[in-house]
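Here is the structure we will look at.
The values are calculated or read from the model by the stated rules, or taken from the named source; none is laboratory data. Just so you know, these numbers come straight off a predicted model, no measurement behind them. With ideal geometry, Cβ positions are generated from the backbone for all residues, glycine too; neighbour counts draw on all protein chains shown. Remember, those area values only see protein heavy atoms, side chains included, never the ligands or the DNA or RNA. Shrake-Rupley method; radii C 1.70, N 1.55, O 1.52, S 1.80 Å.
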Amino acid sequence: MIHSGKKHISTIVCVLIFGIIFIYSWKSHQLQNNISRKIFPPAKAVTPGGQLCRGKPAQNTITPLKDNRTFIISPYFDDREGKVTRVIGIVHHEDVKELYCWFCCQPHNEIQVTSSEIDVHSDRFGFPYGAADIVCVEPENCDPTHVSIHQSPHGNIDQLPRFEIKNRKAETFSVDFTVCISAMFGNYNNVLQFIQSMEMYKILGVQKVVVYKNSCSQLMEKVLKFYMKEGTVEIIPWPINSYLKVSSKWHFSMDAKDIGYYGQITALNDCIYRNMQRSKFVVLNDADEIILPLKHPDWKTMMSSLQEQNPGTGIFLFENHIFPETISTPVFNISSWNTVPGVNILQHVHREPDRKEVFNPKKMIIDPRRVIQTSVHSVLRAYGTSVNVPMDVALIYHCRVPLQGNLPKESLIRDTSLWKYNSSLIMNVNKVLRQAVL
């Protein structure tokens, strides 16, 4: 009887645990979709003293408001949750309580003002300033072309910076893949690895690379200008340290400044919206990272296969694997590359083993129209689901300083997957070095 009773209780406990897990999973899924499908109520607009559209056009990537607690990057039209203007910005998470959108409404060229919802992204990592969406419902019978952001519904429009609202016109995709790199800082001079990454991206199917540039060396500047002239690179100036005390660390506990990692998260979100209508996919990774397909020749065939296997998925996460730049293989020692500063990735084909107690971060290929907010290693708000791409399909080749620096070479895993591209890569890199006169 005692044995039977215990068995019965165990069965009930198992059923309850399964039920709780199922309900939690279902509620988490529902919560994600409920948050994602938020519908904004109609705007209550006021017209301040019959003012007409004026104001000085914003000239820079980052525009501080007079409170010096709010920094505007760019506004974007977003009709996925109603007719709203979503302004990508940076705000102090406690001090900024109220902001208003001053819309320049057409066809009468008049100003209408609506209140905003300030949505500070959850991934601030302890820093006082973080990425924020300043969301305003557009007034009825208003087709705004520009907007100004102000702390009050009252004031003089002449004194407010004016921003063009991007993404108002639907476009056909001009490219399949855009890589977003944020942010280039610290007088960046890893020239050879940057060129190799660029040429690998192009081999894999990338047509556009957006670089949020804070600072780099003169030689790196020369390389960037070459790729801009080629039409591959778009430079977004990113002088965030002119306005805030920036950290090169990801968490406030490591470096108590205003904002982490040169405002990387804000730049990534801006890059998504900037390319929402012109790129089928957006790739969020760093310049020393390459998403390396292992079953497909390029990203286009890989993504076609992944989408077919995962209908309705817009976020694909790839696992990061470290290939230490301190462990070299004496091959591909190309003399013309030796004078170029930076790492030769073809010589680094040993990766660190996984550690059971350590989470391998991921980077993403996304459908930008399915993403509302992103962090660095995952999205915060999106339509639909995310999928972790198995390592046998693709991995991130990340050549950098080691994380497990105490491991001898014998403890690393030899992985020459990159070498299948060596002929094309060497030829393309040599061409760039020759044409850019490095």
Which residue out of 246, 206 is more than 20 Å from residue 400 (Cα to Cα), among the β-branched types (Val, Ile, Thr) and under 17 Å from the mean Cα position of the chain (by Cα)? 206
Just one of 152, 115, 122 is of a type in the set (Gly, Ala, Ser) and within 26 Å of the chain's Cα centre (by Cα); which is it? 122
Those residues of region 339-369 which are of a type in the set (D, E, K, R) and touching a Pro at 6+ places or on another chain (Cβ under 9 Å), in sequence order: 351, 352
Close pairs from region 124-136: first more than 12 Å from residue 78 (Cα to Cα), partner open to solvent by 10 Å² or more (accessible area, probe 1.4 Å) and aromatic (Phe, Trp, Tyr), Cβ under 9 Å, at least 6 apart: 124/252; 125/250; 125/252; 125/261; 126/252; 127/252; 128/252
Out of everything in region 303-317 that is in contact (Cβ under 8 Å) with a residue 24 or more places away in the chain and within 14 Å of residue 280 (Cα to Cα), what residue ends up being surrounded by the most Cβ atoms within 10 Å (Cβ to Cβ)? 316
Restricting to region 103-133, give me the number of residues that are touching a Pro at 6+ places or on another chain (Cβ under 8 Å) and either open to solvent by less than 30 Å² (accessible area, probe 1.4 Å) or at pLDDT 95 or above (or both). 8
Only one of 288, 255 is over 14 Å from the mean Cα position of the chain (by Cα) and more than 18 Å from residue 123 (Cα to Cα); which? 288
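One line per residue, one yes/no per condition, for (1) closer than 30 Å to residue 245 by Cβ; (2) in contact with a His (Cβ under 8 Å, 6 or more places away or on another chain); (3) part of a strand (DSSP E or B):
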| residue | (1), (2), (3) |
| --- | --- |
| 91 | yes, no, yes |
| 95 | yes, no, no |
| 119 | yes, no, yes |
| 126 | yes, yes, no |
| 133 | yes, yes, yes |
| 136 | yes, no, yes |
Considering each residue of region 277-302, count those that are surrounded by fewer than 21 Cβ atoms within 10 Å (Cβ to Cβ) and under 18 Å from residue 384 (Cβ atoms), and give that number. 1
Report the residue count in region 228-243 for those that are surrounded by fewer than 21 Cβ atoms within 10 Å (Cβ to Cβ) and either closer than 12 Å to residue 191 by Cβ or aromatic (Phe, Trp, Tyr) (or both). 1
Could you tell me whether residue 438 is open to solvent by 40 Å² or more (accessible area, probe 1.4 Å), closer than 25 Å to residue 189 by Cα, aliphatic (A, V, I, L, M) and in contact with a helix residue (DSSP H, G or I) (Cβ under 9 Å, 6 or more places away or on another chain)? yes
